[in-house]
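S.K.: First the structure, then my questions, so here it is.
The values are calculated or read from the model by the stated rules, or taken from the named source; none is laboratory data. None of the values given here were measured: they were computed from a predicted structure. Here the Cβ is made from the backbone with ideal geometry for all residues, glycine too, and neighbour counts use every protein chain on show.
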Amino acid sequence: RLAALDRRTLALDVREAILTITITRPEVLNALSPEVIAELREVVGILRDGIGAGTDPDWSVRGVVITGAGPKAFVAGADIARMREMTAEQADAYTAEAQELTSWLETLPVPVVAAVNGFALGGGCELAMACDVILASENAAFGQPEVALGLIPGFGGCVRLQQYVGIAAARELILTGRRISAAEAERLGLVSRVLEDQDALLAAAREIIALAARQSPTAVAAAKRTVRAAQAHPTDAGLAIEREAFVARFGTPDMLEGTAAFVEKRRPEFTGA
Ligand code: CO8
């Protein structure tokens, strides 16, 4: 179904069970127009249906990489020209769809890696933060510059940036709109690794997914689900959710296989059950 999609703003590539989504509007630094959001929703929606939410999984896609076309930008934010034309109602619908997309990314049962190859500003930084891992090339730059436009972050920035960097740095960045380098983003904990150039960046993104794909897919999905649930709850409720998800692994074929393989000193062969 992915191959049959008519996409004007995205390029899709599936290789070795990894889907790479490239946003292809380099002339406007891959700004997120309503069409980009609609097409991303279509693709991620197909993945949700295809891989499932863990109940009847099809593990033919084991991870997703999101990146931007051209040498300058991952995504330089929402499309400002298009936003100017919107009424408050249209902005509400646009934001609702965009925010739901970020939740879909967070609830896919496979890892999603943002390969940030340039500007990740506003909605671009927010799109990256909805991914499980953010990798950056040396020329990447991050920021939430919405206050310079008379706006505020609306695609999850007020919520997720503080989860990544803590409330102090999040406040500073959101209230000033200050742009930070890849190196500073790494120091703050927004980015997990900085790579020299785009080739190294994409290779590292694929390597992370390939490594996760060697593990039990149901365990990876359960771990992703539990980390997200824990973020949304206070400590005691989070611990209860973790305990329940941990105990649910016991007796599953993948748990029996993984622990047997360790004891028998061999590589596990997971079936995703
Ligand atoms: N929207 C529309 N067009 C853009 C955007 C954008 N966000 N960013 C760049 N462009 C266009 C420029 O207008 C320019 O077009 P043209 O060639 O026709 O003049 C082209 O891309 C190249 O950009 P520049 O010439 O400006 O390139 P520079 O290298 O000089 O500067 C910058 C690069 C610093 C990235 C600069 O383009 C910039 O500041 N861009 C805007 C960044 C920004 O403010 N982003 C936040 C937008 S608001 C937002 O994201 C709200 C999120 C909530 C939305 C929820 C739904 C998704």
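S.K.: Could you tell me whether any residue of the range 161-168 is within 16 Å of the ligand (Cβ to nearest atom) and at pLDDT 95 or above? Quick ask: steps written out before the conclusion?
M.R.: First, pick out the residues of the range 161-168 that are within 16 Å of the ligand (Cβ to nearest atom): 161.
Within this subset, residues satisfying the condition of being at pLDDT 95 or above are 161.
Yes - at least one qualifying residue is present in the range 161-168.
S.K.: Just checking, does the range 182-196 include any residue being more than 25 Å from Gly77 (Cα to Cα) and surrounded by 14 or more Cβ atoms within 10 Å (Cβ to Cβ)?
M.R.: No, there is no match, as no residue in the range 182-196 is more than 25 Å from Gly77 (Cα to Cα) and surrounded by 14 or more Cβ atoms within 10 Å (Cβ to Cβ).
S.K.: Additional query: List pairs: first in the range 236-259 and closer than 25 Å to Ala213 by Cβ, second surrounded by 12 or more Cβ atoms within 10 Å (Cβ to Cβ) and among the charged types (D, E, K, R), Cβ under 7 Å, 6+ apart or cross-chain?
M.R.: Ala245/Arg225; Met255/Arg249
Conditions (1) at pLDDT 95 or above; (2) in contact with a His (Cβ under 6 Å, 6 or more places away or on another chain); (3) more than 20 Å from Asn139 (Cα to Cα), marked per residue:
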position	(1), (2), (3)
Gly156	yes, no, yes
Ile180	yes, no, no
Ala204	yes, no, no
Ala232	no, no, yes
Pro253	yes, no, yes
Glu257	yes, no, yes
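S.K.: Here is a further query. Out of the residues in the range 122-136 that are in a loop (DSSP other than H, G, I, E, B) and not charged (D, E, K, R), which is surrounded by the most Cβ atoms within 10 Å (Cβ to Cβ)?
M.R.: Here is the first cut: in the range 122-136, the residues in a loop (DSSP other than H, G, I, E, B) are 122, 130-132.
From what's left, not charged (D, E, K, R): 122, 130-131.
Values: Gly122: 27, Ala130: 21, Cys131: 22.
Once the filter is applied, the top-ranked residue is Gly122.
S.K.: Counting only residues that are more than 9 Å from the ligand (Cβ to nearest atom) and among the acidic types (Asp, Glu), which one in the range 76-117 is nearest to the chain's Cα centre (by Cα)?
M.R.: Top of the filtered list is Glu106.
S.K.: Here's another thing I want to ask about it. Of (1) within 16 Å of the ligand (Cβ to nearest atom); (2) surrounded by fewer than 19 Cβ atoms within 10 Å (Cβ to Cβ), Ala17 satisfies all except one. Which?
M.R.: Looking at each condition in turn, Ala17 falls short on (1).
S.K.: Before we move on, is Ala73 touching a residue at least 24 places away in the same chain (Cβ under 8 Å), more than 17 Å from Leu188 (Cβ to Cβ) and within 7 Å of the ligand (Cβ to nearest atom)?
M.R.: Here the answer is yes, as Ala73 does meet what is asked.
S.K.: Now, a different point. Name, by its number, the condition in (1) of a type in the set (Gly, Ala, Ser); (2) within 15 Å of the ligand (Cβ to nearest atom); (3) at negative phi; (4) in contact (Cβ under 8 Å) with a residue 60 or more places away in the chain that does not hold for Ala148.
M.R.: (4)
S.K.: Identify, from the list Ile180, Ile209, the residue that is of a type in the set (Val, Ile, Thr) and touching a residue at least 40 places away in the same chain (Cβ under 8 Å). Quick ask: steps written out before the conclusion?
M.R.: Numbers: Ile180 fails: touching a residue at least 40 places away in the same chain (Cβ under 8 Å).
Being of a type in the set (Val, Ile, Thr) and touching a residue at least 40 places away in the same chain (Cβ under 8 Å) holds for just one of Ile180, Ile209, which is Ile209.
S.K.: Determine which member of the set Thr226, Thr235 is over 15 Å from Ala115 (Cβ atoms) and surrounded by 17 or more Cβ atoms within 10 Å (Cβ to Cβ).
M.R.: On inspection, the qualifying residue turns out to be Thr226.
S.K.: Among the numbered criteria (1) out of contact with any Cys (no Cβ under 6 Å at 6 or more places or on another chain); (2) more than 23 Å from Gly177 (Cα to Cα), which single criterion is violated by Val112?
M.R.: If we test Val112 against (1) out of contact with any Cys (no Cβ under 6 Å at 6 or more places or on another chain); (2) more than 23 Å from Gly177 (Cα to Cα), just (1) comes out false.
S.K.: Oh, and also: Can you confirm whether the range 110-121 contains a residue that is surrounded by 22 or more Cβ atoms within 10 Å (Cβ to Cβ), among the aromatic types (Phe, Trp, Tyr) and either in contact with a strand residue (DSSP E or B) (Cβ under 6 Å, 6 or more places away or on another chain) or closer than 23 Å to Thr226 by Cα (or both)? Let's see the steps before the verdict.
M.R.: First pass over the range 110-121, keeping only residues surrounded by 22 or more Cβ atoms within 10 Å (Cβ to Cβ): 110-121.
Subset that is among the aromatic types (Phe, Trp, Tyr): 119.
Still in the running and either in contact with a strand residue (DSSP E or B) (Cβ under 6 Å, 6 or more places away or on another chain) or closer than 23 Å to Thr226 by Cα (or both): 119.
Checking the range 110-121: at least one residue is surrounded by 22 or more Cβ atoms within 10 Å (Cβ to Cβ), among the aromatic types (Phe, Trp, Tyr) and either in contact with a strand residue (DSSP E or B) (Cβ under 6 Å, 6 or more places away or on another chain) or closer than 23 Å to Thr226 by Cα (or both).
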